[in-house]
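Since every read-out is calculated from the coordinates, none of them should be taken as a lab result. No experiment lies behind these values; they were computed from the predicted model shown. All Cβ positions, glycine included, derive from the backbone under ideal geometry; neighbour counts span all protein chains shown.
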Amino acid sequence: MKILVTGAAGFIGSNLCERLLEDANVEVVGIDAFVGPTPKKFTFQNLDNLLKHQRFTFLRENLLEVEWEKTLEGIEYVYHLAGMPGVRSSWGEDFQNYVAFNILATQRLLEACRHVSLKKFIYASTSSVYGEKRGKVSEELVPEPLSPYGITKLTGEYLCRVYHKSFRVPIVILRYFTVYGPRQRSDMAFHRFIHAMQQGMPVTIYGDGAQTRDFTYIDDCVAATAAVMNAEGVVGETINIGGKQRASVLDVIALLEQILRQRAKLTFIDQAIGEPKHTWADISKAENLLKYQPAFNLEAGLKNEIDYIEELYQS
Ligand code: UGA
């Protein structure tokens with residue numbers, strides 16, 4: 001079985017490829033252009049295990065330039081994880097990259113997929129499409145993104161929907177909620193917090209730190225994502241993938257202080273523009289359709305990320 005993963009060198013993409021290859025019948029073609037905010041050195045390292053794998057082929061290509069007809073030959077499943085990530089950096093001039101990588105690239109890939117008989121096309125979306133909501137969010141709520149990033153990801157979702165409706169591309173949309181763990185991008189909160197604390201440097205908190213996130217551990221995220229392949233009744237659906245433990249930013253700092261046995265020096269700055277105060281996933285659909293059950297609490301997940309970051313900056 002041949003699977004294409006776009007964004008294969010990324011945080012979620014590289015972990016997903018490793019997981020998919022655990023099945024001896026699977027061959028993975030991974031594509032990545034190394035365009036995200038993480039230093040390339042770190043992103044290259046994400047591929048270390050994969051490049052040794054006989055059933056993994058890597059293409060360093062920009063999705064806007066790929067010869068899709070050739071690349072999609074024999075592919076049965078597409079995981080489209082590539083994109084320009086990050087909520088806070090999507091304002092200003094960088095927006096054109098968000099449009100290019102999240103909208104144009106998605107449209108080109110979908111257009112090519114019209115002509116291929118795929119089993120599933122899985123699109124990685126985000127909790128950022130919801131905007132500010134009260135309580136748990138279920139998939140039927142009207143999305144109201146607060147950031148340019150959220151708008152581009154939502155547009156990607158709508159593109160998936162129209163290609164599904166008009167050309168039967170068998171799409172499945174997953175909305176991930178703030179994923180963390182080993183290989184987390186270096187612009188994301190936990191990566192920054194842990195690295196700063198390990199260096200004895202101040203930790204920057206946006207706003208008062210009372211904002212909460214439905215933090216999702218990478219192995220849970222990957223388990224849900226891999227489960228889509230064999231799940232029934234998922235084509236055309238949008239599914240939230242949230243974590244086991246929702247927490248505030250200050251809760252996380254307190255937990256890090258406990259695990260690392262040191263006090264964090266905190267610097268509070270203005271709240272970031274375009275972020276919701278709270279995110280909270282209703283995961284009943286994922287439980288039903290994907291038999292998803294998040295297993296990792298924050299303490300276990302943070303310990304693994306701490307080990308990863310310690311090693312990353314030593315190498
Ligand atoms: C993350 C990802 O960056 C997005 O790509 C993804 O789509 C999104 O999750 C999502 O789930 O929708 P975010 O929730 O901002 O976005 O994730 P973090 O960077 O881990 O930030 C978590 C919280 O920590 C935010 O409330 C942010 O304000 C705060 N934060 C972040 C700080 O207080 N200080 C920092 O240095 C960084």
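Which of E67, E139 has the fewest other C-beta atoms within 10 Å, and how do the rest follow up to the most? Present the calculation step by step, with values, prior to reporting the outcome.
Details: E67 9, E139 17.
Lowest to highest Cβ neighbour count: E67, E139.
How do R263, R114, R175, R161 line up, fewest other C-beta atoms within 10 Å first?
Numbers: R263 9, R114 12, R175 24, R161 16.
Starting with the residue having the fewest Cβ neighbours, the order is R263, R114, R161, R175.
Of N62, N49, N97, which has the largest mean-square fluctuation in a 10 Å C-alpha GNM of the chain?
Comparing N62, N49, N97 in a Gaussian network model of the chain, the most mobile one is N49.
Calculate, in nm to one decimal, what R108 and I273 gain on full extension: separation in residues at 0.36 nm each, minus their alpha carbon distance. Let's see the in-between values first.
Details: separation 165, 0.36 × 165 = 59.40 nm, distance 3.06 nm.
Working it through step by step, the gained length comes to 56.3 nm.
Could you tell me the calculated FRET efficiency between N97 and F44, based on Cβ-Cβ distance and R0 = 22 angstrom, to the nearest 0.05?
My answer for the efficiency is 0.65.
Please name which of F95, Y123, M84 has its Cα lying farthest along the dipole of the range 79-136 towards the positive end, using unit charges on Cβ (Lys, Arg +1; Asp, Glu -1) and the Cα centre as origin.
Highest projection toward the positive end goes to Y123.
Could you work out the relative contact order of the chain, using alpha carbon pairs under 8 angstrom and six or more residues apart, expressed as a whole percent? Mind dumping the intermediate values first?
Numbers: 608 pairs, mean separation 58.4, N = 315.
19 percent.
How do C113, C221 rank when sorted from fewest to most other Cβ atoms within 10 Å of their own Cβ? Show your work: numbers first, answer last.
Numbers: C113 23, C221 28.
Neighbour counts put them in this order, fewest first: C113, C221.
If each DSSP helix of 4+ residues adds -39,500 (n - 2.57) and the sum is divided by the residues in the chain, what number results at 222 nm, nearest 500 deg cm²/dmol?
Numbers: 12 runs with 115 residues, N = 315.
Roughly -10500 deg cm²/dmol at 222 nm, from the helical runs in the chain.
Place a point 7 Å from Cα of L59 in the direction of its Cβ. Which residues in the range 71-103 have their backbone N less than 12 Å from it?
Taking a point 7 Å out along Cα→Cβ of L59, the residues of the range 71-103 whose backbone N falls under 12 Å are 71-75.
Based on the Cβ-Cβ distance from E287 to T204, what FRET efficiency comes out when R0 is 35 Å, to the nearest 0.05?
Numbers: r = 36 Å, r/R0 = 1.02.
According to the calculation, E is roughly 0.50.
With only Lys, Arg, Asp and Glu charged, each at its Cβ (+1 for the first two, -1 for the last two), find how big the charge dipole of the range 149-223 is about the Cα centre; round to the nearest 20 debye. Kindly include the intermediate steps, with their values, before the conclusion.
Details: 9 positive and 6 negative charges, 80 e Å.
I would put it at about 380 debye.
Specify the inter-centroid distance of the range 76-132 and the range 234-271, based on alpha-carbon positions, in whole Å.
Centre-to-centre distance over Cα atoms comes out at 25 Å.
So how far apart, in nm, are the two label points at R168 and A254 if each is 7 Å from Cα heading toward Cβ?
5.5
Roughly what would the spin-label model give for E22 and R263, points 7 Å off Cα along C-beta, in nm?
About 4.2 nm separates the two model spin labels.
If the reach is capped at under 15 angstrom between alpha carbons, list the aspartates and glutamates near K40, excluding any in the same chain fewer than eight residues apart.
Here the aspartates and glutamates satisfying the reach criterion relative to K40 are D32, D48, E61, D187.
When only C-alpha pairs under 8 Å and at least 6 residues apart count, what is the relative contact order of the range 211-288, in percent? List each step's numbers first, then the result.
Details: 66 pairs, mean separation 38.0, N = 78.
Relative contact order for the range 211-288 comes out at 49 percent.
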